[in-house]
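Everything below concerns the one structure shown next.
The values are calculated or read from the model by the stated rules, or taken from the named source; none is laboratory data. Note that this is a predicted model, so its numbers are computed, not measured. Backbone-built Cβ (ideal geometry, glycine too); neighbour counts: all protein chains shown.
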Amino acid sequence: MLTPYRVVARNYATRHANRIHSEDTARLYGFSGGLVPGVALYAYMTDPLPDALGREWLERGRAQVKFLKPVYDADEVEVRVHAIEDRHPRAGIELFDSSGALCAVGEAAIPRESGAVKAFDPAAWPYSKRTENDVQRPASIAAVAPGDTFWSWEFTADFGPTQQVFMEEIGSAPRIYSGEGAVLHPARLLAQANEIVAHNVALGPWIHTGSEVQHAALADDGERLTLRGRVAEACEKRGHDFITLDLALTGRSDRLIALIRHSALIRLREREAGGNA
């Protein structure tokens, strides 16, 4: 096992439109305070991976994470990365809060070959533009069905000021994401996956519950990127409305950057303070 990685968690989204990150709203759903975003937790869990698995993980590696329990602002969390015996580089990842509670689990690897990447066909991921007359779907599984195509989302891969502000906000500081030779921070992929959810659904408080990412290529600084996606699953879980999206992140000339499976509770069941959502 690598030396545990410790970082003070930051709830950088207290003023975000998703009020689950605010103290008052989060307490309505049984939490002790505003939740640290899953994007930040993913950053902490993947920060040790360039050292553990090498730069190659950012180029063509994969990772999957599941968030089990909330993490709160200013809590010191510990990330443990341990090797898994296999025919290709693979590591298990665990994130603990300061009380020792296991809050997130995951796995990362560099597969010899990804069938999904090899079989990627841009034509199977059509671009869908939202027009000024289009109305977002209600935050309900009654309005989101498996197979539905979401409006696409575009952004620019800026490795300069935008990335540095992002890293400062979440408290992530690996050198590989700064200065000459920097690459796109992997947590920014999930931040943009959240954006495509908010772009398509009229959300109230909601929770990112987990993601799977398969890297296919490094984005270039300044490259215009597009997320295209469709609904893979929509169901009720313990009174919450839950969806999973399959997303393809492409760059210029439709070259594949990453495939993402992104899961979230888009409508939460309210609970008494002190309970669990």
### Query
Does any residue of segment 42-51 turn out to be free of Cβ contacts under 8 Å to residues at least 40 places away in the same chain and of a type outside the set (Asp, Glu)?
no
#### Entry: Exclusive hit being within 24 Å of Arg90 (Cβ to Cβ) and either modelled with pLDDT under 95 or under 20 Å from the mean Cα position of the chain (by Cα) (or both), set Ala216, Ala234
Ala216
### Task
Name the single residue, out of those in segment 20-58 being surrounded by fewer than 20 Cβ atoms within 10 Å (Cβ to Cβ) and closer than 24 Å to Ala202 by Cβ, that is nearest to the chain's Cα centre (by Cα).
Ser22
### Task
Return a yes/no flag: does segment 16-38 have any residue that is touching a Ser or Thr at 6+ places or on another chain (Cβ under 8 Å), free of Cβ contacts under 8 Å to residues at least 60 places away in the same chain, in a loop (DSSP other than H, G, I, E, B) and small (Gly, Ala, Ser).
yes
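Taking the condition within 26 Å of Tyr42 (Cα to Cα), of a type in the set (Lys, Arg) and touching a residue at least 12 places away in the same chain (Cβ under 8 Å), does Arg130 pass?
In short, no.
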### Task
Output the residue which, of all residues in segment 61-79 that are in contact with a helix residue (DSSP H, G or I) (Cβ under 8 Å, 6 or more places away or on another chain), part of a strand (DSSP E or B) and not aromatic (Phe, Trp, Tyr), is farthest from Lys118 (Cα to Cα).
Val77
### Query
Would you pick out the residues in segment 217-264 that are under 16 Å from Ala143 (Cβ atoms), buried (at least 17 other Cβ atoms within 10 Å of the Cβ) and hydrophobic (A, V, I, L, M, F, W, C)?
Val231, Ala234, Phe242, Ile243, Leu245, Ala264
### Task
Run down Leu247, Leu227 and say which single residue is touching a residue at least 24 places away in the same chain (Cβ under 8 Å), within 23 Å of His21 (Cβ to Cβ) and touching a Gly at 6+ places or on another chain (Cβ under 7 Å).
Leu247
